[in-house]
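Enquirer: So that we are looking at the same thing, I have put the structure below in structure tokens.
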Amino acid sequence: MSPDSDFGLAALPLRPELVGEEPYGAPQLDVPVRLNVNENPYPPSDDVVHEMGRVVQRLAREVNRYPDREATELRTALAGYLGFGLTAANIWVANGSNEVMTHLMGAFGGPGRRVLSFSPTYSMYPEYARNTHTDYVTRPRDADFRVSTALVLEAIAETEADVVVITTPNNPTGTTTPVQVIDEICAATRAIVVVDEAYQEFTAVPEDSAIALLPKYPRLVVTRTMSKAFAFAGGRLGYLVANPAVVDACRIVRLPYHLSAQSQALALVALRHSTQMLARVESLRDGLQRLQHDLRRRGYEVVPSDANFCLFGRFADRHAVFSALLDRGVLVRETGPAGFLRVSAGTPDELAAFLTALDDVRPPIQELPT
Ligand code: PMP
């Protein structure tokens, strides 16, 4: 039998809940303007590139050995970067905040447990739940795509959720949840509250973080990533900040040596140059704010965003608009509420190319009911 015979997925005894599932992932297309996965569009400076090269070369001499399982140096550096009086004991690291979330679900979800999120939100959450055999429930955000204390607490009571995920700024809407609201929620629940702050550095006041609440709430977990503002998506480095007991729980479910020596060392280089790595955040934020204005001026509906992406529409046929933009070399994301597309903050040239393409397409806007 040749390896590529007719034997396919359907012939395998796949877990029933995986039958018919598609692997998650935005299209990875080699087009001139890629504005679809909320990356920082600026590569690191030559200095940082050279330092990363030297570090990888040095590590190659000990690649026969396992990496530091505890990633202590990296966790210490992250604690220093964040401030708030944190130490390495408060930090957990993994291959992207995706893996951090999987650790959290593995530790606090599982059979008979339930995780709650507020839709529309990040489309990976149901997959983390599925993969860890956790029941997934979601409740709608309000008309402005926000959540209030009452909305969240009612949903927790109604669903008896064990883990609650609040994403701020929320993907794909870009809307935020004030720290005050998180405070009120944590004060009133015994659920594990995970605040996903993947885009926090892009907000108007990045220091205004749920991390400040950690001394009060040992069941609060704040997740972050170096993939977005930090311009390190390819390095795959996500982390959480929490009570040391939460870190201990993640240790139980992680794979041994889950984070490669190279990932740890490259992230350390990036952190040593944090000012430089984050240098474009403000201009990306400004660019996105200007873009929202430009889109509104053209008559599009835009969800006010505090992140490095925004939803715009509404289109009767968003797929047609997505395809027409792609034909013009511009890749955006077909996600979020019906009729909307999501665009990420690119360089000024990329955003200009996006607007030129959109003007060229001139998609019909859906009439809203009055
Ligand atoms: N949380 C949110 C809200 C995201 O949008 C993303 C990436 N799109 C992630 C987590 C995961 O990012 P990463 O695994 O690259 O850290």
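The values are calculated or read from the model by the stated rules, or taken from the named source; none is laboratory data. As the structure is a prediction and not an experimental result, all values here were calculated from the model. Neighbour counts are summed over all protein chains in view; Cβ atoms, including those assigned to glycine, are modelled from backbone coordinates with ideal geometry. Protein only, heavy atoms only, side chains kept; ligands, DNA and RNA dropped before computing areas. Shrake-Rupley method; radii C 1.70, N 1.55, O 1.52, S 1.80 Å.
Enquirer: Out of the residues in the stretch 210-224 meeting the condition of being free of Cβ contacts under 8 Å to residues at least 60 places away in the same chain and either open to solvent by 20 Å² or more (accessible area, probe 1.4 Å) or among the small types (Gly, Ala, Ser) (or both), tell me which one is nearest to the ligand (Cβ to nearest atom). Lay out the reasoning, then the answer.
Expert: Here is the first cut: in the stretch 210-224, the residues free of Cβ contacts under 8 Å to residues at least 60 places away in the same chain are 210, 213, 215-220, 222.
From what is left, the residues that are either open to solvent by 20 Å² or more (accessible area, probe 1.4 Å) or among the small types (Gly, Ala, Ser) (or both) are 210, 215-219.
Values: Ala210: 14, Pro215: 24, Lys216: 24, Tyr217: 20, Pro218: 23, Arg219: 20 Å.
Only one residue fits best here, namely Ala210.
Enquirer: Looking at (1) within 16 Å of the ligand (Cβ to nearest atom); (2) assigned to a helix (DSSP H, G or I), can you tell me which one Val55 breaks?
Expert: (1)
Enquirer: Pick out the one residue from Ala94, Ala71, Ala107 that is of a type in the set (A, V, I, L, M, F, W, C) and on the phi > 0 side of the Ramachandran plot. Before you say what the answer is, go through the steps one by one.
Expert: Details: Ala94 fails: on the phi > 0 side of the Ramachandran plot; Ala107 fails: on the phi > 0 side of the Ramachandran plot.
Result: Ala71 is the single residue among Ala94, Ala71, Ala107 that is of a type in the set (A, V, I, L, M, F, W, C) and on the phi > 0 side of the Ramachandran plot.
Enquirer: Given the criterion more than 24 Å from Arg146 (Cα to Cα), surrounded by fewer than 20 Cβ atoms within 10 Å (Cβ to Cβ) and touching a Lys or Arg at 6+ places or on another chain (Cβ under 9 Å), identify the matching residue among Ala338, Ala353, Ala324.
Expert: None of the other options fit; the residue is Ala353.
Enquirer: Select from the stretch 199-209 the residues that are open to solvent by 10 Å² or more (accessible area, probe 1.4 Å) and small (Gly, Ala, Ser) and list them in ascending order.
Expert: Ala204
Enquirer: Moving to a separate point now. Could you tell me which residue of the stretch 79-116 is nearest to the ligand (Cβ to nearest atom), considering only residues that are open to solvent by 50 Å² or more (accessible area, probe 1.4 Å) and closer than 21 Å to Leu214 by Cβ?
Expert: Within the stretch 79-116, the first condition is being open to solvent by 50 Å² or more (accessible area, probe 1.4 Å), and the residues that meet it are 80-81, 84-85, 87, 102, 111-114.
Next cut, closer than 21 Å to Leu214 by Cβ only: 80-81, 84-85, 87.
Numbers: Gly80: 20, Tyr81: 16, Phe84: 20, Gly85: 24, Thr87: 22 Å.
Once the filter is applied, the top-ranked residue is Tyr81.
Enquirer: List pairs: first residue in the stretch 332-350 and outside the structural domain of Asn171 (by TED's automatic domain parsing) and without any contact (Cβ under 8 Å) to a residue 24 or more places away in the chain, second residue open to solvent by less than 30 Å² (accessible area, probe 1.4 Å) and in a helix (DSSP H, G or I) anywhere in the structure, Cβ distance under 6 angstrom, at least six positions apart or on different chains.
Expert: Glu334/Phe322
Enquirer: In the set Thr149, Thr121, which member is surrounded by fewer than 18 Cβ atoms within 10 Å (Cβ to Cβ), within 19 Å of Thr189 (Cβ to Cβ) and polar (S, T, N, Q)? So that I can check it myself, show each step before the final result.
Expert: On the way: Thr121 fails: surrounded by fewer than 18 Cβ atoms within 10 Å (Cβ to Cβ).
Selected residue: Thr149, the only one of Thr149, Thr121 that is surrounded by fewer than 18 Cβ atoms within 10 Å (Cβ to Cβ), within 19 Å of Thr189 (Cβ to Cβ) and polar (S, T, N, Q).
Enquirer: Give Ala155, Ala188, Ala150 a once-over and let me know the one that is without any contact (Cβ under 8 Å) to a residue 12 or more places away in the chain and over 30 Å from Leu268 (Cβ atoms). Give the steps one after another, and end with the answer.
Expert: On the way: Ala155 fails: without any contact (Cβ under 8 Å) to a residue 12 or more places away in the chain; Ala188 fails: without any contact (Cβ under 8 Å) to a residue 12 or more places away in the chain.
Ala150 is the lone residue from the list that is without any contact (Cβ under 8 Å) to a residue 12 or more places away in the chain and over 30 Å from Leu268 (Cβ atoms).
Enquirer: Looking at Asp306, Asp286, which is the one that is assigned by TED's automatic domain parsing to the domain that holds Val332 and outside any helix (DSSP H, G or I)?
Expert: On the way: Asp286 fails: outside any helix (DSSP H, G or I).
None of the other options fit; the residue is Asp306.
Enquirer: Here's another thing I want to ask about it. Please go through the stretch 198-208 and pick out each residue that is within 15 Å of the ligand (Cβ to nearest atom) and free of Cβ contacts under 8 Å to residues at least 60 places away in the same chain. Spell out how you get there, then give the answer.
Expert: If we filter the stretch 198-208 for residues that are within 15 Å of the ligand (Cβ to nearest atom), which is where we start, we get 198-203.
Scanning the stretch 198-208 gives a single hit, Gln200.
Enquirer: Among the residues of the stretch 271-281, is there at least one that is under 20 Å from the mean Cα position of the chain (by Cα) and closer than 19 Å to Ala71 by Cα?
Expert: Yes - at least one qualifying residue is present in the stretch 271-281.
Enquirer: With respect to Val37, is the statement that it is assigned to a loop (DSSP other than H, G, I, E, B), over 30 Å from Leu351 (Cα atoms) and modelled with pLDDT of 95 or more true? So that I can check it myself, show each step before the final result.
Expert: Values: assigned to a loop (DSSP other than H, G, I, E, B): yes; over 30 Å from Leu351 (Cα atoms): no; modelled with pLDDT of 95 or more: yes.
Considered against the rule, which asks whether it is assigned to a loop (DSSP other than H, G, I, E, B), over 30 Å from Leu351 (Cα atoms) and modelled with pLDDT of 95 or more, Val37 comes out as no.
Enquirer: Name the residues in the stretch 11-34 that are in contact with a Leu (Cβ under 9 Å, 6 or more places away or on another chain), open to solvent by 80 Å² or more (accessible area, probe 1.4 Å) and not in a loop (DSSP other than H, G, I, E, B), would you?
Expert: Selection gives Arg34 alone.
Enquirer: Can you run down the residue pairs with Cβ atoms below 7 Å, 6 or more apart or on separate chains, where the first is in the stretch 24-47 and among the hydrophobic types (A, V, I, L, M, F, W, C) and the partner is more than 16 Å from the ligand (Cβ to nearest atom) and in a loop (DSSP other than H, G, I, E, B)?
Expert: That search, which allows pairs on different chains as well, returns Val31/Gly329; Val33/Gly329.
Enquirer: Let me ask something else. If only one of Thr175, Thr159, Thr189 is within 21 Å of the chain's Cα centre (by Cα) and not charged (D, E, K, R), which one is it?
Expert: On the way: Thr159 fails: within 21 Å of the chain's Cα centre (by Cα); Thr189 fails: within 21 Å of the chain's Cα centre (by Cα).
The conditions single out Thr175.
Enquirer: Answer with yes or no whether Asn64 is in the same structural domain as Val269 (by TED's automatic domain parsing), open to solvent by 40 Å² or more (accessible area, probe 1.4 Å), among the polar types (S, T, N, Q) and within 16 Å of the ligand (Cβ to nearest atom). Step through it out loud before you land on a result.
Expert: Values: in the same structural domain as Val269 (by TED's automatic domain parsing): yes; open to solvent by 40 Å² or more (accessible area, probe 1.4 Å): yes; among the polar types (S, T, N, Q): yes; within 16 Å of the ligand (Cβ to nearest atom): no.
For Asn64, the condition - in the same structural domain as Val269 (by TED's automatic domain parsing), open to solvent by 40 Å² or more (accessible area, probe 1.4 Å), among the polar types (S, T, N, Q) and within 16 Å of the ligand (Cβ to nearest atom) - is not met.
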